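A short write-up of the structure that comes next.
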Amino acid sequence: MKKVFLLLCIAVFALSANAQVYLGGSFGITHDDDIDATNFTIAPEIGYKLNDTWHFGAEIGFSHTNKTKIGEDLDVNSFHFAPYARWNYFNKGMVRLFLEGGIGISTYKVEDHDNHNGFEIGIKPGLALDVTNHFSFVTKFGFLGYRDEYKYINSASGLSLSSEDLSIGFVYSF
């Protein structure tokens with residue numbers, strides 16, 4: 001039994017010797033003049049670089065939307081949790097392109113109404129600029145998949161390239 005335990009410890013150490021934990025997050029603010037709506041989002045994340053190709057992590061975030069509708073303000077607050085797997089398919093110098101596949105769950109509350117729960121499953125393309133060995137800027141734009149009332153967005157499936165699907169952030173690797 002001791003030999004099996006020792007072998008497992010060595011295997012875990014060997015697999016994780018190249019891996020790194022990273023912390024980061026994103027911030028977003030958008031305004032839609034057509035419907036007079038402003039959206040603010042902050043989403044910290046934590047992840048694990050298994051190797052240069054695969055990263056695993058999770059994002060937890062808060063969004064606030066203010067929409068003026070026929071002279072009255074409508075406020076919506078939402079929280080989301082979204083674990084993901086990131087596949088880095090192109091790495092040249094400081095530029096890295098990736099696809100991030102994940103599942104997200106959210107809950108939101110419209111002022112003076114009941115809570116609503118939603119989810120999404122899909123892929124987000126992204127770009128990372130590795131400024132140093134430890135610091136990277138990360139941006140994601142677009143979504144391909146299915147959403148059901150996720151973060152105050154109506155149910156939809158397909159490809160979305162709206163400003164609501166743009167996030168700019170950073171990560172710091174330890």
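Solvent-accessible surface (1.4 Å probe) assigned to GLU120 amounts to roughly 10 Å².
For segment 18-70, the solvent-accessible area works out to 58 Å² per residue, with a probe of 1.4 Å and every protein chain left in place. Rounded to whole numbers, the Karplus 3J(HN,Hα) couplings from phi for segment 35-52 are 10, 6, 10, 10, 10, 10, 9, 10, 9, x, 9, 10, x, 9, 7, 5, 7, 5 Hz, using 6.51 cos²θ - 1.76 cosθ + 1.60 with θ = phi - 60°, and x at Gly and Pro. Among the aspartates and glutamates, which fall within straight-line cross-link reach of LYS49, defined as a Cα-Cα distance under 19 Å, with same-chain neighbours fewer than 8 residues apart omitted? Leaving aside aspartates and glutamates fewer than 8 places away in the same chain, those within reach of LYS49 are GLU59, GLU100, ASP130.
Maximal additional length on extending the THR107-LEU74 stretch stands at 10.2 nm, based on 0.36 nm per residue less the C-alpha distance. Computed over protein heavy atoms with a 1.4 Å probe, the carbon and sulfur contribution to the accessible area of segment 93-174 reaches 64%. Annotation: Cα Rg of segment 94-159 relative to the compact-globule expectation 2.2 N^0.38 Å equals 1.42.
The count of lysine pairs in segment 70-174 whose Cα atoms are under 21 Å apart, excluding pairs fewer than 8 places apart on the same chain, comes to 6.
The values are calculated or read from the model by the stated rules, or taken from the named source; none is laboratory data. Since we're looking at a predicted model, the values are computed, not measured. Ligands, DNA and RNA are stripped out before the accessible areas are found, and what is left, the full protein with its side chains, is counted by its heavy atoms. Shrake-Rupley method; radii C 1.70, N 1.55, O 1.52, S 1.80 Å.
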